[in-house]
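The values are calculated or read from the model by the stated rules, or taken from the named source; none is laboratory data. A quick note: this is a predicted structure, and the numbers were derived from the prediction, not measured. Cβ: placed from backbone, ideal geometry, glycine included. Neighbour counts: every protein chain shown.
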Amino acid sequence: MPTDFFDVVNGLVREELSLYKSLGALVDNEEAKVRDSDMEGLLEVLQQKQSIISRQEMLLEQWNKISSSLGIADGREGPVFWNTLAARIGESGYKQIASGINEIKDLGQQLLDRESGIRNELEKNLAEMRSTLLRIGRNRVAMRGYSQGMAAF
């Protein structure tokens with residue numbers, strides 16, 4: 001197995017997995033902020049998440065460079081990439097890389113599922129906040145009307 005190439009690819013997998021784990025910790029924090037209706041804290045968490053997402057985008061560029069170096073234009077998503085990679089690094093190296101990629105995919109799906117639940121909770125909280133604001137507004141209008149009516153006497 002060509003060690004340098006394997007090391008580069010394996011490093012990308014480890015870095016990507018680390019970023020997903022960091023995102024997982026931020027999603028935990030995001031969930032708590034939504035549950036506590038801490039909008040300021042939520043915005044901070046979203047900024048931190050954006051920083052990690054930007055790093056993931058840079059990683060994707062590195063994957064695209066690997067793909068290009070293998071003579072593949074479609075990136076790492078297609079079977080051609082994985083077949084070519086397996087031929088380049090050997091079966092044992094490929095199994096290790098594939099295991100890491102599967103872990104990343106599983107973690108990514110878990111995060112997407114959790115994000116969906118958080119988004120639903122946030123929408124529910126926003127709907128409740130809107131309802132409360134409308135109710136307060138109506139109460140103020142009623143109070144002004146009552147006060148003006150009392151002043152007429």
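Overview of values
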read-out: Residue that is in contact with an Asp or Glu (Cβ under 6 Å, 6 or more places away or on another chain) and either part of a helix (DSSP H, G or I) or surrounded by fewer than 16 Cβ atoms within 10 Å (Cβ to Cβ) (or both), where the choices are 59, 107, 85; value: 59
read-out: Subset of the range 1-45 [among the hydrophobic types (A, V, I, L, M, F, W, C) and assigned to a loop (DSSP other than H, G, I, E, B)]; value: 1
read-out: Restricting the range 88-102 to residues that are surrounded by fewer than 15 Cβ atoms within 10 Å (Cβ to Cβ) and among the charged types (D, E, K, R), the residue that is farthest from the chain's Cα centre (by Cα); value: 91
read-out: Selection status of residue 37, modelled with pLDDT of 95 or more and of a type outside the set (D, E, K, R); value: no
read-out: Residue pairs meeting the criteria (Cβ under 6 Å; at least 6 apart or on separate chains; first more than 13 Å from residue 11 (Cα to Cα), in the range 90-101; second modelled with pLDDT under 95 and not in a helix (DSSP H, G or I)); value: 90/1
read-out: Any chance residue 88 is of a type in the set (D, E, K, R) and in contact with a Pro (Cβ under 8 Å, 6 or more places away or on another chain); value: yes
read-out: Residue count, the range 110-132 (criterion: touching an Asp or Glu at 6+ places or on another chain (Cβ under 9 Å) and either of a type outside the set (A, V, I, L, M, F, W, C) or not in a helix (DSSP H, G or I) (or both)); value: 4
read-out: Qualifying position, being in contact (Cβ under 8 Å) with a residue 24 or more places away in the chain and surrounded by fewer than 16 Cβ atoms within 10 Å (Cβ to Cβ), among 24, 41; value: 24
read-out: Check on residue 45, of a type in the set (Val, Ile, Thr) and within 20 Å of residue 113 (Cβ to Cβ); value: yes
